[in-house]
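Worksheet: one structure, shown below.
The values are calculated or read from the model by the stated rules, or taken from the named source; none is laboratory data. In this text, all values refer to a predicted model and were calculated from it rather than measured experimentally. Neighbour counts are summed over all protein chains in view; Cβ atoms, including those assigned to glycine, are modelled from backbone coordinates with ideal geometry. Side chains are part of the model used for accessible areas, which takes the heavy atoms of the whole protein and leaves out ligands, DNA and RNA. Shrake-Rupley method; radii C 1.70, N 1.55, O 1.52, S 1.80 Å.
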Amino acid sequence: MAESPQRYSPPPSRPERRPGLLRGMAFTLAASLIFPAIYGYVIQSDRFVAQQVTITGAARLSRAEILHLACLDGAVSIPGFNFTLARKRLRAHPWVDDADVSFGLPWEIRVCIREHQPLAVFDLGRRFIVNTRGEVFKAWAPGDPGHLPVVSGLRFSDISLSGAVLYAPPFKAVMNVLQFGRLPESVVPNRLITEIRVDREMGLTLWVASDPGRLRVKKIKLGYRNYSLKYDRLEKILLYLKKRQSVSEVDSIDLKNPDRVVVDPMGTESFAREDKEV
């Protein structure tokens, strides 16, 4: 029996997608026009302008400097303000150790500054300022603090500009002495130290400025190591010498060996006849 021919049936037609596509395109176009307009209104509206900028932690930097660095020296719209860029600009200043910029209510921008605390000036052929952590944070320039102890005799290889903790013994010795000088009631406070000279073989010598009410001592030879013991010896010696009416000024006190302290007085005939070794 011959097979009857099969009729061709076309596939069912898919629903028309063109109207939906057009609606999506229209929404995207409207959003691209409306949202920028809303954003522009928000950032330009006086309702969203910062009413107050609070700065904390700044001592050396002025308010005007900080506002300029953080781009806050004019009217600032909080929604459009770049807080990340403000932090980066502040942290790039050589005197700024760290900085944070944040939003506070009501309509306030808060700037928190932490400045480097200068400890000494290292003379390495060129002068650099070192903070209390022993980090070189800037080259010394006119206008920088001039009352800091000046350290001479170190080399670039003795210190680390990258913040590493492995330092050479001369650098460690200098930092130990400077940290002793920061202590309250230190027998040799940093404010009286004009220079620390590093002899790589013999150790440290401090050059000390005069201070009213204290025995005038020009040089203190500390050498290396045992600084706690040596400072204790020094305090007792200074108290002893201060009680002697014949001693008003001392050229040097040698504490390199704390068990054999040598005092070299100036202009004291009666004391000169005595043994200078204590």
Practice item. Please verify whether the range 196-216 includes one or more residues that are among the acidic types (Asp, Glu), loosely packed, with under 13 Cβ neighbours inside 10 Å and either touching a helix residue (DSSP H, G or I) at 6+ places or on another chain (Cβ under 7 Å) or closer than 18 Å to Pro94 by Cβ (or both). Key: yes
Exercise for review: Determine if the range 104-124 includes at least one residue that is over 20 Å from His147 (Cβ atoms) and among the aromatic types (Phe, Trp, Tyr).
Suggested key: yes
Check your understanding: Out of all the residues in the range 176-195, which are assigned to a loop (DSSP other than H, G, I, E, B) and buried (at least 18 other Cβ atoms within 10 Å of the Cβ)?
Key -> Val187, Val188
Point to revise | Identity of the residue in the range 81-109, over 28 Å from Glu135 (Cα atoms) and in contact (Cβ under 8 Å) with a residue 40 or more places away in the chain, that ends up surrounded by the fewest Cβ atoms within 10 Å (Cβ to Cβ) | key: Pro106
Review point. If you go through the range 100-132 one residue at a time, how many are under 30 Å from Ser157 (Cα atoms), part of a strand (DSSP E or B) and among the small types (Gly, Ala, Ser)?
Key: 1
Point to revise | Residue in the range 220-250 that is farthest from Pro170 (Cα to Cα), counting only those that are open to solvent by less than 30 Å² (accessible area, probe 1.4 Å) and assigned to a strand (DSSP E or B) | key: Val250
Check your understanding: Among the residues of the range 118-144, which ones are among the acidic types (Asp, Glu) and open to solvent by 30 Å² or more (accessible area, probe 1.4 Å)?
Key -> Asp123, Glu135
